Amino acid sequence: MDVTLKVRRFNPETDSAPHYETYQVPANPMDRVLDLLHYVKWNIDGSLTFRRSCAHGVCGSDAMLINGANRLACKVLVRELGDQITVEALRGLPLAKDLVVDMEPFFRSYRSVLPHLINDEPAPDKERRQSPEERARYDDTTKCILCAACTTSCPVFWADEEYFGPAAIVNAHRFIFDSRDRGAAQRLEVLNDKEGVWRCRTTFNCTDACPRGIKVTQAIQEVKRALLFRKV
Amino acid sequence: MTEQHTYDVVIVGAGGAGLRAALESSRRGRTAVISKLYPTRSHTGAAQGGMCAALANVEEDNWEWHTFDTVKGGDYLVDQDAAEIMCREAIDAVYDLEHMGMPFNRTPDGKIDQRRFGGHTHHHGQGPVRRSCFAADRTGHMILQTLYQQNVKHGTTFFDEFYVLDLLLADGRAAGVIAYELATGELHVFRAKSVVFATGGFGKMFRVTSNAHALTGDGPAVCYRRGVPMEDMEFFQFHPTGLYGLGVLLSEAARGEGGILRNSDGEAFMARYAPTIKDLAPRDMVSRAIYSEIREGRGAGPKADYVYLDVSHLDPDVIDAKLPDITDFARTYLGVEPKQEGVPIQPTAHYAMGGIPTNVDAEVVADASGTVLPGLYAAGECACVSVHGANRLGTNSLLDIVVFGRRAGTHAAEHAAGVDHADLPDDPSGDLVRMLEELSGRPEGERAAAVRADLQTGMDEKAGVYRTETLLKEMEDELGTLRERYGRVWVQDRSKRYNTDLLETIELGFLLDLAEALVVSARAREESRGGHYREDFPARDDKKWLKHTLAWKTDGGIKLDYKPVVITRYQPMERKY
């Protein structure tokens, strides 16, 4: 089959505004969208620019807007999309070139929620004990690969780039509900900020966008409840 | 004029080894981590099955058995002093990660859970042992995240999406690196007293591979071009269970949890090849067994060129809890439901046992007599300590990066504390500037992608699981042709910002250099050992070949030399499972 691949392109050195270019790409239904982009880059136009690395959905490099939804280009197949495919850069982050956005605002939010274990008690010689139930409590949010698909699908984030966004809250959740962590109060203080969890309007875009199947909206709701009752 | 930076230590690469090194180095001296990817995109994150350590949490175990398994698994090419250190330090390395927040799976009494893995046994090979500590089938992801989190906590300085393209040496010691900033196209000179390479593997010289697009061997290649030899390049691991057609890794954990390989007759064929541990034999043996089945007509599918990984008999809850990602890969990419049917698999180029030669302190050793190149360090897959010998055991890569990453960071910082910066010219980037200008200015010609595709196909067919003098000679000649074509490769993107077209072209040059070192080393080694299998020399030959290969790039071609294997307590024996 042939796919009509429409790509929103932008070269900051020569273009005043983004424009669309269309390519006819030979494909089979089991090809990834990433394969189509590579076909163009490797056979038609070497200047087509996008990030990618692992090509099987675990490194988080190639999140982009594909037929109107945030997806990883390496995890969505042609058979799910048909022969008309439109690819654009993620929304809400500054456009750098073609499908590449500036990730720095995203990582800044991530860093601001203290995304690391906080526990100053002396560590035992062996492991800290944690029951399978305690471990399961935060399992879902450990899956995050920081691809930004959730945050850049959030209408609140589009309107207000200071909003931490779902991914940062997911990574706070991962520690707030870890029985070994002692930093919940500190972290909840950060999230109680005017740009914190209260801006979430539960539109569920983030949950739909997550390529790892994390229940993002639920995690945000759990953080809100923890803030209300100051108890995890 | 390029931008100049000065640090005590620069660490190149931000996967597990680089991030672990950075935690040690940053608290001892001014440290910069330079990475061509955002750290969390590193391929450590794709590792699935676990990290072995003889914690004995679920059954009797000790680190000496682990050492023995590592040495035997590596077909006795392992440096045994290094393996002892790795297996002994494994235990603290796991606890250390746990204390950093690593979310290991747990036993009912709250300890770190452990599972079986290929080649890991109790009592020196008497049966499989539960030694692998894991976090579902995303152990590498969790280690990468945990180490990155700790670096965020400690305020490590990162230069993300900076490609290191040259190593600076002065007065016979490391003096820094030169990096290309992806966002701007500008060069940056990093002067440093110690340089640590932790850039991972180079599986992208093969077509069917589990490796990320980024794995082009940049670190080893820039060292190689500056006169550092490459050790044991002929030993490349082909993982038995890559997703058919794609090469995406399906962890050995699937077999550790009870998964079975079956041929087109449905037969569990590994029982014929490794009667004691069957599907948990080391990877080189399982990959050859799969190809034997295919060659003898028992492959499945329209081309009879794959076998099945069958987990359909496992408890569906176990699959969901312990193997969620790899079952998801089978569903997503092949449309196969592993709970009901076998998953088509084929061996996939997975791991470089060889690389930059180092000693147990991660110092780079530049000759056959162990002379240290002061200030230069390497750790992880890009290095060759050698703890993996001729074939790495599953889980020992995650262990390697944590143990030797830590050692590299500590020793690099301690070295830096005792020396001054080497003298360098005001702007040492001349060679690199000329290379970039020459590449960018070429007229329309060959496409890098076409040359790379031919390299990958050639390497699969001629330097893969089965090798012969004829095939290797053909590949060596073909590399000459590919190199000529590379000289005509055209960079179509003429812009400065985010020029990935230019960088892919440079990366292809690295792959060509390393492929040549691999093929020449493989052609010389007239025996079969671990991942290096010569059909024309099918037996291991300890008399002639119990030694490490060193390959230098010289103007007159590749020069080879050899150095002895360190043997402490295990004399080579026949390798049976």
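Numbers for the structure displayed
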| quantity | calculated |
| --- | --- |
| Members of segment A:1-20 found to be away from every other protein chain (no Cβ under 12 Å) and either among the β-branched types (Val, Ile, Thr) or in a loop (DSSP other than H, G, I, E, B) (or both), listed by number | A:Met1, A:Val3, A:Thr4, A:Val7, A:Ser16, A:Ala17, A:Pro18 |
| The one condition in (1) crowded, with 24+ Cβ neighbours inside 10 Å; (2) outside any loop (DSSP other than H, G, I, E, B) that B:Tyr7 fails to fulfil | (1) |
| Contacts under 8 angstrom Cβ, first residue in segment B:360-386 being free of Cβ contacts under 8 Å to residues at least 12 places away in the same chain, partner not in a loop (DSSP other than H, G, I, E, B), 6 or more apart | B:Val365/B:Pro357; B:Val365/B:Thr358; B:Val365/B:Val372; B:Val365/B:Leu373; B:Thr371/B:Val365 |
| Among the residues listed as A:Cys59, A:Cys74, the single one being in contact with a strand residue (DSSP E or B) (Cβ under 6 Å, 6 or more places away or on another chain), buried (at least 16 other Cβ atoms within 10 Å of the Cβ), facing chain B (nearest Cβ under 10 Å) and under 30 Å from B:Gln145 (Cβ atoms) | A:Cys74 |
| Qualifying positions in segment B:15-32 - closer than 14 Å to B:Phe404 by Cα and among the small types (Gly, Ala, Ser) | B:Gly15, B:Gly16, B:Ala17, B:Gly18, B:Ala21, B:Ala22, B:Ser25 |
| Segment A:120-134 - residue that is free of Cβ contacts under 8 Å to residues at least 24 places away in the same chain and touching a strand residue (DSSP E or B) at 6+ places or on another chain (Cβ under 6 Å) and, of those, farthest from A:Asp62 (Cα to Cα) | A:Glu127 |
| Matching residues, segment B:423-444, being out of contact with any helix residue (DSSP H, G or I) (no Cβ under 9 Å at 6 or more places or on another chain), closer than 22 Å to A:Ser47 by Cβ and of a type in the set (Gly, Ala, Ser) | B:Gly441 |
| Residue list for segment B:152-195, restricted to those being crowded, with 20+ Cβ neighbours inside 10 Å, within 14 Å of chain A (Cβ to nearest Cβ) and among the β-branched types (Val, Ile, Thr) | B:Thr156 |
| Residue ID - nearest to B:Met142 (Cα to Cα), chosen from residues in segment A:80-116 that are small (Gly, Ala, Ser) and more than 11 Å from every other protein chain (Cβ to nearest Cβ) | A:Ser109 |
| Subset of segment A:23-38 that is of a type outside the set (Asp, Glu) and surrounded by fewer than 20 Cβ atoms within 10 Å (Cβ to Cβ) - its residue that is nearest to the other protein chains (Cβ to nearest Cβ) | A:Met30 |
| Search result, residues across segment B:330-351 that are over 30 Å from B:Asp232 (Cα atoms) and either in contact (Cβ under 8 Å) with a residue 60 or more places away in the chain or within 14 Å of another protein chain (Cβ to nearest Cβ) (or both) | B:Ala330, B:Arg331, B:Thr332, B:Tyr333, B:Leu334, B:Gly335, B:Val336, B:Gly342, B:Val343, B:Pro344 |
| Residue within segment B:428-445 that is closer than 16 Å to B:Leu169 by Cβ, away from every other protein chain (no Cβ under 14 Å), in contact with a Gly (Cβ under 8 Å, 6 or more places away or on another chain) and of a type in the set (A, V, I, L, M) present | no |
| Failed item in (1) in contact with a His (Cβ under 8 Å, 6 or more places away or on another chain); (2) more than 14 Å from chain A (Cβ to nearest Cβ); (3) not in a helix (DSSP H, G or I), with B:Trp65 passing the rest | (3) |
| Failed item in (1) farther than 24 Å from B:Arg452 by Cβ; (2) touching a Phe, Trp or Tyr at 6+ places or on another chain (Cβ under 9 Å); (3) assigned to a loop (DSSP other than H, G, I, E, B), with A:Thr49 passing the rest | (1) |
| Leading residue by the ranking (farthest from A:Glu104 (Cα to Cα)) among those in segment A:177-187 that are among the basic types (Lys, Arg) and in a loop (DSSP other than H, G, I, E, B) | A:Arg180 |
| Any chance B:Ala349 is in contact with a Ser or Thr (Cβ under 8 Å, 6 or more places away or on another chain) and modelled with pLDDT of 95 or more | yes |
| Residue in segment B:328-335 that is aromatic (Phe, Trp, Tyr) and within 14 Å of the chain's Cα centre (by Cα) present | no |
| B:Gly140 vs. criteria farther than 14 Å from B:Glu59 by Cα and either crowded, with 24+ Cβ neighbours inside 10 Å or away from chain A (no Cβ under 14 Å) (or both) | yes |
| Residue in segment B:448-466 that is touching a Lys or Arg at 6+ places or on another chain (Cβ under 7 Å) and within 14 Å of another protein chain (Cβ to nearest Cβ) present | yes |
| The one condition in (1) of a type in the set (S, T, N, Q); (2) assigned to a loop (DSSP other than H, G, I, E, B); (3) closer than 18 Å to B:Tyr148 by Cα that B:Asn57 fails to fulfil | (3) |
| Single residue of segment B:520-577 satisfying the filter (assigned to a loop (DSSP other than H, G, I, E, B) and of a type in the set (Gly, Ala, Ser)) that is nearest to the chain's Cα centre (by Cα) | B:Gly531 |
| Enumeration of residues in segment B:84-95 that are within 16 Å of B:Gly140 (Cα to Cα) and more than 9 Å from chain A (Cβ to nearest Cβ) | B:Ala90, B:Ala93 |
| Only listed residue being free of Cβ contacts under 8 Å to residues at least 40 places away in the same chain and either more than 13 Å from chain B (Cβ to nearest Cβ) or farther than 23 Å from B:Asp325 by Cα (or both), chosen from A:Ala159, A:Ala149 | A:Ala159 |
| Which listed residue is more than 11 Å from chain A (Cβ to nearest Cβ), in a loop (DSSP other than H, G, I, E, B) and modelled with pLDDT of 95 or more, from B:Asp81, B:Asp75 | B:Asp75 |
| Filter result (closer than 14 Å to B:Asn62 by Cα, within 23 Å of the chain's Cα centre (by Cα) and charged (D, E, K, R)) within segment B:96-136 | B:Arg131 |
| Residue match in segment B:392-405 (condition: more than 14 Å from chain A (Cβ to nearest Cβ), over 30 Å from A:Arg32 (Cα atoms) and touching a His at 6+ places or on another chain (Cβ under 7 Å)) | yes |
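A quick yes/no check of all residues on (1) in contact (Cβ under 8 Å) with a residue 60 or more places away in the chain; (2) surrounded by fewer than 20 Cβ atoms within 10 Å (Cβ to Cβ); (3) acidic (Asp, Glu); (4) not in a helix (DSSP H, G or I):
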{"residue": "B:Leu471", "(1), (2), (3), (4)": "no, no, no, no"}
{"residue": "B:Glu474", "(1), (2), (3), (4)": "no, yes, yes, no"}
{"residue": "B:Asp477", "(1), (2), (3), (4)": "no, yes, yes, no"}
{"residue": "B:Thr481", "(1), (2), (3), (4)": "no, yes, no, no"}
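The values are calculated or read from the model by the stated rules, or taken from the named source; none is laboratory data. Since we're looking at a predicted model, the values are computed, not measured. Reconstructed Cβ throughout: ideal geometry from the backbone, glycine too, with neighbour counts over all protein chains shown.
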